[in-house]
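Peer 1: First the structure, which I've put down as structure tokens, then a few questions once you've had a look.
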Amino acid sequence: MPSIAIIGAGAAGLLCAGTALEHGANVTLFDKNAKAGVKLMITGKGRCNVTNNSSIENILNNIPRNPRFLYGALNAFSPNDTIELFERLGVPLKTERGSRVFPVSDKASDIVKALAAYAKKATFISEKVISINTDNNSVTGVTARDKVGNIKNYDFDSVILCTGGLSYPRTGSTGDGYKIAKEIGHNIIPCSPSLVPIEADKRLCSSLSGLSLRNVSLKIKDNEQNKIVYEEFGEMLFAHFGITGPIALSASAHLTKPTPGKYCAYIDLKPALDEKTLDSRLLADFSKYINKNFSNALGDLLPQKMIPAFIKLSQISPDKKVNMITKDERHTLVNLLKNFKIDLYGFRPIDEAIVTSGGIDVKEISPKDMQSKLISGLYFAGEVIDVDAYTGGYNLQIAFSTGYLAGKNAAQRYL
């Protein structure tokens, strides 16, 4: 029976462990946390968006970094396989808007419990692995440090590295895997935040802090290249520092080293209406509130919290009677409704990111089994690899697919 060490008891590690067990391996699961699945507990705002109920091609289209590397993994363990596994493990699932899949209970804890049960026959050791031991470019085991500082050596036939990235360090994702892999010869692509809130015009955004916009369209323009680099429809949220929420987080994956002046965002507040229809809507509202001041005639069109900022950007006096607003001023208002501009400044810190962009170079990993091309018996899975995706369940699917492929192949290595 092959012996396998899995370093990291997150999404990839737990599924990897369960898969290796099902394929006849003796599995030891290492994690410096006392419990497994700590980061999983907070994903999807505590609901856990486990996958996206769509085709493999759609999954690949939502992976901006090295998507073709994942073709084999996604075919080996698809979104359908993820759904079937969790329902087999006793967690009913549901598909929501955007094909996002959640547990019916809306509890991430149910996903963690199911994965822990799937991997329950593994030996769990709450120690920090500090190195992977090799001899003649083959794995021989790992060295770990326990809670009181004692150093221990363990022998294994194979090792699977699933330590995650740098995001949410309080859950244990502190980049340990990058250091371990680098020390044994692997190249690490520099890490940066992805799916991270974006800092923006603080004066404007702080006045809108807490405001959620639904069914809006967001465009990101690269001012240096004079082109739109991202466009999406959905939900976003203003914070005191800038913008966040699903479409803003996905937008961050398209920004390269953002600095003040390099990028700006345009929000279409009424994407269902063209400019002519929107002008007619303004005329109808102004007719309804014909004796009102401009500041009191926008309540049917905009969230109340947005009205002061909107009026300021329009440069129309809030006390002006709506029956005095000119055609040119209406044109300004229509343009503002369709192109509400926000200057972007940069990313929030990486510890606020949902995922880490960068990691172990995919050129040094075999896509057919997730095994290192440099060291026999060493496998990788999950966020530690240089792959990341947009929001919508895609990143967890990457973790599950790579975890499955690594666990299966490590278990069958000597067959």
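The values are calculated or read from the model by the stated rules, or taken from the named source; none is laboratory data. None of the values given here were measured: they were computed from a predicted structure. A quick note on method: Cβ atoms are made from the backbone with ideal geometry, for glycine too, and the neighbour counts reach across all protein chains shown. We work out accessible area using only protein heavy atoms, side chains counted, and drop any ligands, DNA or RNA first. Shrake-Rupley method; radii C 1.70, N 1.55, O 1.52, S 1.80 Å.
Peer 1: Accessible area per residue for the chain in Å², computed with a 1.4 Å probe and the full protein assembly in place, what is it? Let's see the in-between values first.
Peer 2: Working: 18080 Å² over 415 residues.
Per residue, the chain has 44 Å² of solvent-accessible surface.
Peer 1: As a test, work out the antiparallel percent of DSSP beta bridges whose residues both lie in the chain, rounded to the nearest 5. Present the calculation step by step, with values, prior to reporting the outcome.
Peer 2: Values: 52 of 69 bridges.
Antiparallel bridges: around 75 percent, rounded to the nearest 5.
Peer 1: Could you size up the charge dipole of the stretch 320-415 around its Cα centre, putting +1 on the beta carbon of Lys and Arg and -1 on that of Asp and Glu, and report it in debye to the nearest 20?
Peer 2: Details: 12 positive and 11 negative charges, 112 e Å.
For the stretch 320-415, the charge dipole is close to 540 debye.
Peer 1: In Å and from the alpha-carbon atoms only, list the Rg and Dmax of the chain.
Peer 2: 25.0, 86
Peer 1: Can you tally the lysine pairs in the stretch 85-167 where the Cα-Cα distance is under 27 Å and the two residues are eight or more apart, or on different chains?
Peer 2: 15
Peer 1: Using helices alone, what [θ] at 222 nm do you get for the chain, with -39,500 (n - 2.57) per DSSP H run of 4 or more residues, divided over all residues and rounded to the nearest 500? Don't jump to the answer; show the numbers that get you there.
Peer 2: On the way: 12 runs with 118 residues, N = 415.
Per the formula, -8500 deg cm²/dmol.
Peer 1: Plugging the Kirkwood radius over Cα pairs into Stokes-Einstein for the stretch 1-42, at a temperature of 25 °C and a viscosity of 0.890 mPa s, what D comes out in µm²/s? Present the calculation step by step, with values, prior to reporting the outcome.
Peer 2: Working: Rh = 10.5 Å.
In µm²/s, the coefficient is 234.
Peer 1: If one puts a single equal scatterer on every Cα of the stretch 108-153 and applies the Debye formula without solvent, what log₁₀ I(q)/I(0) results at q = 0.18, 0.30, 0.32 Å⁻¹?
Peer 2: Computed log10 I(q)/I(0) values: -0.73, -0.97, -1.03.
Peer 1: Working from the pairwise distances between different alpha carbons, so that the mean of 1/r is found and then inverted, what is the stretch 305-415's Kirkwood radius in Å? Present the calculation step by step, with values, prior to reporting the outcome.
Peer 2: Numbers: mean 1/r = 0.0531 Å⁻¹.
Hydrodynamic radius (Kirkwood, Cα pairs) of the stretch 305-415 is 18.8 Å.
Peer 1: Shifting gears a bit: Determine the sum of side-chain charges near residue 181: Lys and Arg each +1, Asp and Glu each -1, restricted to other residues whose C-beta is under 12 angstrom from that of residue 181.
Peer 2: Working: positive: 179, 182; negative: 176, 183, 361, 364, 386.
Neighbourhood net charge equals -3.
Peer 1: How would you rank 30-43, 200-213, highest first, on the average number of other Cβ atoms within 10 Å across their residues?
Peer 2: On the way: 30-43: 19.4, 200-213: 16.5.
Those peptides, ordered most packed to least, come out 30-43, 200-213.
Peer 1: Considering only C-alpha atoms, what is the centroid distance from the stretch 228-267 to the stretch 164-188, in Å?
Peer 2: Cα centroid of the stretch 228-267 versus Cα centroid of the stretch 164-188: 27 Å apart.
Peer 1: Now for a different question. Multiply the residue separation of residue 414 and residue 143 by 0.36 nm, subtract the distance between their alpha-carbon atoms, and state the gained length in nm to one decimal. Numbers along the way, then the final one.
Peer 2: Numbers: separation 271, 0.36 × 271 = 97.56 nm, distance 2.33 nm.
95.2 nm is the gain from fully extending residue 414 to residue 143.
Peer 1: Binned at 10 Å from 0, what are the whole-percent values of the Cα-Cα distance distribution for the stretch 84-186, short to long?
Peer 2: 12, 31, 31, 19, 7, 0
Peer 1: Give a residue-ordered list of calculated ³J(HN,Hα) values for the stretch 156-169 (Karplus: 6.51 cos²θ - 1.76 cosθ + 1.60, θ = phi - 60°; whole Hz; x for Gly, Pro).
Peer 2: Residue by residue, the stretch 156-169 yields 9, 6, 9, 10, 10, 9, 9, 7, x, x, 10, 7, 6, x Hz.
Peer 1: Oh, and also: Just report the Cα centroid separation between the stretch 290-348 and the stretch 84-148, whole Å.
Peer 2: Distance between centres, Cα-based: 50 Å.
Peer 1: Let me ask another. For the chain, what is the charge dipole size about the Cα centre, in debye to the nearest 20, if Lys and Arg each add +1 at the Cβ and Asp and Glu each add -1 at the Cβ? Show your work: numbers first, answer last.
Peer 2: Details: 49 positive and 41 negative charges, 187 e Å.
Using only the charged Cβ atoms, the result is roughly 900 debye.
Peer 1: If we count every other residue with Cβ under 15 angstrom of residue 223's Cβ, Lys/Arg +1 and Asp/Glu -1, where does the sum land? List each step's numbers first, then the result.
Peer 2: Working: positive: 219, 221, 227, 257, 262, 341; negative: 201, 222, 224, 343.
Summing Lys and Arg as +1 and Asp and Glu as -1 gives +2.
Peer 1: Comparing 291, 339, 133, which has the greatest mean-square fluctuation in the GNM of the chain with Cα pairs linked when under 10 Å apart?
Peer 2: 291
Peer 1: While we're looking at this one, here's another question. When we measure straight from the Cα of residue 182, which aspartates and glutamates land under 17 angstrom away, once same-chain ones fewer than 8 places off are left out?
Peer 2: 135, 361, 364, 383, 386
Peer 1: Over the chain, with every protein chain in place, what whole percent of the accessible area is carbon and sulfur at 1.4 Å, could you tell me? Please report the intermediate quantities before stating the final value.
Peer 2: Details: 8760 of 18080 Å².
Carbon and sulfur atoms account for 48 percent of the accessible area of the chain.
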